[in-house]
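Participant: Have a look at this one.
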Amino acid sequence: MATTTQVAGTSGSLLSSVDLADEMAGIYSNFFGNMYLSPKIMRFIVRKECHGKAIDETYRQYMERLRGSPFSNKEWKDAFRISRNVLQTDRNPDNLDVTDLFCLLENLFARAADNGTRDITGMMNKLRVVKDLRNEVMHNMAATADPQKFSDLTTALLELVRETELFYSLPQAEVEALEKELQDDIDRRLAPEKQVIYYTCSRLATSGKNAVRILWETRLSSEVLMFSNEKVHRQAVFHPLELMLKLGASGNVIPYTEIFQVCEKFIVISGVAGAGKTTLLKNITLQFFELQQVKVKYLQPFNQLILFECRDRSTKTLSEVIEHHFEDLCSNIRKENVLRALLHLDVIFLIDGFDEINKVSSNVVMEIIKKTWRSNCRVVITTRPHFVKQLALILSKNDICHTECEILPLIKLENQLKFLERYEEYHGGSNRSGELCRSFSLLDKNVRSLFTEPLNLLLFCHLCRHFPEKIPLWQTFADVASDIFLLYKTLVLTKIVDSNYINLEGLVDDQFLCIGAAALDFLKSNTLSFSEEEFRSIKKMCNFQLKSAEGISDIDAEIFLSVVLKVHRPFSGKGGITYTFHHKSVQEIFAGKYIVQRILSCNDSINSILGLTSIKRNW
Ligand SMILES: Nc1ncnc2c1ncn2[C@@H]1O[C@H](COP(=O)(O)OP(=O)(O)OP(=O)(O)O)[C@@H](O)[C@H]1O
């Protein structure tokens, strides 16, 4: 039987009767119960328990007054975990949700139990049932849609009211009034000013995850490798990275799947260029949507996921990010309402590449920081190391505690081999020769230490494929750098082999010098990613150089640049593209070649080359 429920506020006006199918009605009731009824009763208990609290006291100040001494930051963090920021600042329970309320009451009652003044067992048991129901409904779709859960909750809440009566020896009239209010709410299931939230949460629960899955599935599940047009399945070649916790928990090494075990809401993951930050977020996203067909336990506490890239220059607000994720839903519910609803759920926000932040994306990131700190959301932000300080400052200015961790380089030979094996297996299948790993394990130890980032190991795969005979000859970093350069040269030559021009090798050398000059110029300002405009400037300079060589009409500089630079299209598919060298070390190799050439051909000093003004970006 279908249930008809009026839902206000959708598309800004009263939506005519929305016929909620049975499943939807069940989901709606469960959200309504856990987001409205449970907090209402728990807030009533908090008010009773905190009867001695001054209006202007925060819950932290109140708890400190009760115990007679301030909490150290560690004590506070350990006791109040994910709710500690909210309880540190809030002065009344109106904005606390079930998680925060349970945490507060648990701590208040623990004190009472310590004093031996009251038996809190019954009360805690009843509260725990309510909290567990909330978590079950929020984290497990089968439970979200199960109408029995709403019945269980209403029973649990009525029992909690009765327990409260006994616990505080409340006057019967007060309890009856509360019971009646609860029963009325249960019967009506509507809190007019809030109903759009529950409705939207219900829609998100039924279709949100799938909408986002469809959005990311095709974009993220495969990757085109550099130096070739080969596609690999991300999950098939993904190497599970390890992270080292910094700051407080310093030194602990954890698998990436344990990041959400830290109690801070915000997790900053740093890593050098090519360490695998973006790949890690893409992998988490794919796992979240169970594309990997395995149960991903560490993601089970979350019911939605939002992925945002700091290099995005076109998405101006968080609501727009949300609209992009839930396009269908936003076509009949205002995107601002979808965002409001989302902030009531347990969402992971993945923010990639803080080091590439720009004016537009910084507004979105600031919105995420400001809007998620008091919700049940978790935020993971990746960045290259030189931006960690700046990010930490922004977070602390916004009263946000964060955990910082660093992607560990693959230092051990066994890990490097495991990484390479995945790629070799993927390409060779059961016929793989093992040559890649064999060749790597025979490398000189010092040379091997160059290949500690995924990107460098990938580079090794390509070098091994193109020049297997050269690898045993490597003795220094310079040998490797020279072969990397040669690899680029070989790849470009294969693209222009049909040209009639006689001195193709010389042409490539000249083009690479132009690119090297640009690489150096960008390195001087630590710029590792270039906008389309900057790309056009480099291309203009390269084409200018091409024109100076007589007899070339069939080659465009884009051919050279397409081999050397990696194109980054925004995850969202909207906004401008950006370009980087495949790795900072590759950018350095090109810049280095340019410097050496300048010294050899013009006898310029290194200082004059580095201070050169004629290679400004206004080519
Ligand atoms: N865990 C991994 N398993 C397998 N391959 C990986 C892994 N991490 C990274 N790679 C490979 O290395 C390449 C570079 O990684 P990625 O772009 O994620 O690095 P990054 O740290 O985000 O770099 P940047 O700071 O330059 O953006 C990827 O395109 C992918 O091919």
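Participant: In which sequence would ASP184, ASP78, ASP521 go, from the one with the fewest C-beta neighbours within 10 Å to the one with the most?
Facilitator: On the way: ASP184 9, ASP78 12, ASP521 21.
Ordered by Cβ neighbours within 10 Å, fewest first: ASP184, ASP78, ASP521.
Participant: What FRET efficiency do you get for THR317 and LEU393 if R0 is 25 Å and r is their Cβ-Cβ distance, rounded to the nearest 0.05?
Facilitator: Values: r = 23 Å, r/R0 = 0.93.
According to the calculation, E is roughly 0.60.
Participant: Given R₀ = 25 Å, what would the calculated FRET efficiency be for ASP56 paired with LYS371, taking r from the Cβ atoms and rounding to 0.05? Before the final figure, lay out the partial values.
Facilitator: Details: r = 25 Å, r/R0 = 1.01.
The computed FRET efficiency comes out at 0.50.
Participant: Still on this structure, I have one more. Show log10 I(q)/I(0) for the range 142-186 at q = 0.14, 0.28 Å⁻¹, two decimals, from a solvent-free Debye sum over equal Cα scatterers.
Facilitator: Debye intensities relative to I(0), on a log10 scale: -0.39, -0.97.
Participant: If each of GLU533 and ASP479 carries a label point 7 Å out from its Cα toward its Cβ, how far apart are those two points in nm?
Facilitator: If labels sit at GLU533 and ASP479, their model points lie 4.6 nm apart.
Participant: Hand me the GluC sites (Glu not before Pro) from the range 229-278 located in a DSSP loop with no more than 10 other Cβ atoms within 10 Å, in residue order please.
Facilitator: Details: sites: GLU230, GLU242, GLU258, GLU264; in loops: GLU230, GLU264.
When the GluC sites (Glu not before Pro) of the range 229-278 are filtered for loop state and at most 10 Cβ neighbours within 10 Å, nothing remains.
Participant: Sum up the charges of everything whose Cβ sits under 13 Å from the Cβ of LEU486, counting Lys and Arg as +1 and Asp and Glu as -1, but leave LEU486 out. List each step's numbers first, then the result.
Facilitator: Numbers: positive: LYS470, LYS489, LYS593; negative: GLU469, ASP479, ASP483, GLU505, ASP509.
Value of the local net charge: -2.
Participant: So how far apart, in nm, are the two label points at SER331 and LEU442 if each is 7 Å from Cα heading toward Cβ?
Facilitator: It is 6.0 nm.
Participant: Please name whichever of LEU178, VAL508, ALA112 sits farthest to the positive end of the charge dipole of the chain, dipole taken about the Cα centre and charges placed at Cβ: Lys and Arg +1, Asp and Glu -1.
Facilitator: Checked the options; the winner is VAL508.
Participant: At each listed q (0.06, 0.11 Å⁻¹), what is the log10 of I(q)/I(0) that the Debye formula gives for the chain modelled as equal alpha-carbon point scatterers?
Facilitator: These q points yield log10 I(q)/I(0) values of -0.42, -1.10.
Participant: So how strong a dipole does the range 316-358 carry about its Cα centre when Lys and Arg Cβ are +1 and Asp and Glu Cβ are -1, to the nearest 20 debye?
Facilitator: Details: 4 positive and 9 negative charges, 60 e Å.
Taking the Cα centre of the range 316-358 as origin, the dipole is about 280 debye.
Participant: So what's the angle, to the nearest 10 degrees on a 0 to 90 scale, between helix 38-49 and the longest Cα principal axis of the chain?
Facilitator: Orientation of helix 38-49: about 70 degrees from the principal axis.
Participant: Excluding residues on the same chain fewer than 8 positions from LYS397, give the aspartates and glutamates whose Cα lies under 17 Å from its Cα.
Facilitator: GLU264, GLU367
Participant: Along the charge dipole of the range 414-610, pointing to its positive end and built from +1/-1 on Cβ of Lys, Arg, Asp and Glu, which listed residue (ALA557, SER441, CYS464) has its Cα farthest out?
Facilitator: SER441
Participant: Give the relative contact order (percent, whole number) for the range 241-360; include only Cα pairs under 8 Å separated by 6+ residues.
Facilitator: On the way: 109 pairs, mean separation 31.1, N = 120.
About 26 percent, as a whole number.
Participant: Here is a follow-up. Which one of VAL224, SER482, ASN337 has its Cα pushed farthest toward the positive end of the charge dipole of the chain, where Lys and Arg give +1 and Asp and Glu give -1 at the Cβ?
Facilitator: SER482
Participant: By how many nm would the segment from HIS386 to GLN300 grow when fully extended, if each residue of separation counts as 0.36 nm and the alpha-carbon distance is taken off? The partial results should precede the final answer.
Facilitator: Numbers: separation 86, 0.36 × 86 = 30.96 nm, distance 3.24 nm.
Gain on stretching HIS386 to GLN300: 27.7 nm.
Participant: Counting residues in the range 414-610 as N, plug N into 2.2 N^0.38 Å and put the Cα Rg over that result. Before the final figure, lay out the partial values.
Facilitator: Details: Rg = 18.2 Å, N = 197, 2.2 N^0.38 = 16.4 Å.
My calculation over the Cα atoms of the range 414-610 gives 1.11.
Participant: Moving on to the next point. May I ask you to compute the full-extension gain from GLU505 to LYS74, defined as 0.36 nm times their residue separation minus their alpha-carbon distance, rounded to one decimal in nm? Don't jump to the answer; show the numbers that get you there.
Facilitator: On the way: separation 431, 0.36 × 431 = 155.16 nm, distance 6.31 nm.
Result for the pair: 148.8 nm of gain on full extension.
Participant: Same structure again: Give the residues of the range 153-179 whose amide nitrogen is closer than 15 Å to a point set 7 Å from the Cα of ASP119 in the direction of its Cβ.
Facilitator: 163-164, 166-169
Participant: Tell me, PHE544, PHE32 in order of fewest to most beta-carbon neighbours within 10 Å? Please report the intermediate quantities before stating the final value.
Facilitator: Numbers: PHE544 12, PHE32 27.
Final ranking by Cβ density, sparse to dense: PHE544, PHE32.
Participant: Cβ under 15 Å from VAL379's Cβ, VAL379 left aside: what net charge do those residues give with Lys, Arg +1 and Asp, Glu -1?
Facilitator: Numbers: positive: LYS265, LYS277, LYS370, LYS371, ARG374, ARG378; negative: GLU264, GLU309, ASP346, ASP352, GLU367, ASP399, GLU404.
Taking every other residue near VAL379 into account, the sum is -1.
Participant: Ranked from highest to lowest mean number of other Cβ atoms within 10 Å per residue, what is the order of the peptides 486-493, 347-354? Numbers along the way, then the final one.
Facilitator: Values: 486-493: 18.0, 347-354: 22.9.
Highest to lowest by the protection proxy: 347-354, 486-493.
Participant: Still on this structure, please answer the following. Evaluate the distance, in nm, between pseudo-label points positioned 7 Å from the Cα of ILE577 and of LYS540 along their respective Cα→Cβ axes.
Facilitator: With each label placed 7 Å out from Cα toward Cβ, I get 2.0 nm.
Participant: Also, quick follow-up: Give me the extension gain from ASP187 to HIS139: residue separation times 0.36 nm, minus the current Cα-Cα distance, reported in nm with one decimal.
Facilitator: On the way: separation 48, 0.36 × 48 = 17.28 nm, distance 2.53 nm.
That works out to 14.8 nm of additional length.
Participant: How large is the translational diffusion coefficient of the range 200-407 in µm² per second when you combine the Kirkwood radius over alpha carbon pairs with Stokes-Einstein at 25 °C and 0.890 mPa s? Don't skip to the answer; put the middle values down first.
Facilitator: Working: Rh = 17.5 Å.
This corresponds to a translational diffusion coefficient of 140 µm²/s.
Participant: Another question about this same structure. Rounding to the nearest 20 debye, state how big the charge dipole of the chain is about its Cα centre with +1 on each Lys and Arg Cβ and -1 on each Asp and Glu Cβ.
Facilitator: Values: 75 positive and 77 negative charges, 201 e Å.
Rounded to the nearest 20 debye, it is 960 debye.
Participant: Which trypsin sites (Lys or Arg not before Pro) does the range 33-131 hold that lie in a coil by DSSP with at most 16 other beta carbons within 10 Å?
Facilitator: Within the range 33-131, the qualifying trypsin sites (Lys or Arg not before Pro) (loop, at most 16 other Cβ atoms within 10 Å) are ARG91, ARG118.
Participant: Continuing with the same structure: Could you derive backbone 3J(HN,Hα) for the range 525-532 from the dihedral phi with the Karplus parameters 6.51, -1.76 and 1.60 (θ = phi - 60°), listing whole Hz in sequence and x where the residue is Gly or Pro?
Facilitator: 9, 6, 8, 10, 10, 10, 7, 4
Participant: Counting DSSP beta bridges in the chain, what percent are antiparallel, to the nearest 5? Spell out each step's value before the answer.
Facilitator: On the way: 18 of 38 bridges.
Close to 45 percent.
Participant: Of MET35, MET141, MET226, how do they rank once you tally other Cβ atoms within 10 Å and put the fewest first?
Facilitator: With the fewest neighbours first, MET35, MET141, MET226 line up as MET141, MET226, MET35.
Participant: Which pairs in the list LYS297/LYS412; LYS77/LYS265; LYS126/LYS149 are over 19 Å apart, alpha-carbon to alpha-carbon? Don't skip to the end; give the middle numbers.
Facilitator: Details: LYS297/LYS412 28 Å; LYS77/LYS265 12 Å; LYS126/LYS149 15 Å.
From LYS297/LYS412; LYS77/LYS265; LYS126/LYS149, over 19 Å: LYS297/LYS412.
Participant: OK, next. Quick one: compute the contact order of the range 100-181, relative version, from alpha carbon pairs under 8 angstrom and 6+ residues apart, as a percent. Don't skip to the answer; put the middle values down first.
Facilitator: Details: 41 pairs, mean separation 19.7, N = 82.
Result for the range 100-181 is 24 percent.
Participant: Let me ask something additional. If we count every other residue with Cβ under 9 angstrom of TYR579's Cβ, Lys/Arg +1 and Asp/Glu -1, where does the sum land?
Facilitator: So the surrounding residues net to -1.
Any read-out appearing in this document is the output of simple, stated calculations on the displayed coordinates, not a laboratory observation. Please read all numbers here as calculations on a predicted model, not as lab measurements. When we count neighbours, we look across all protein chains shown, and the Cβ atoms used for this are built from the backbone with ideal geometry, even at glycine.
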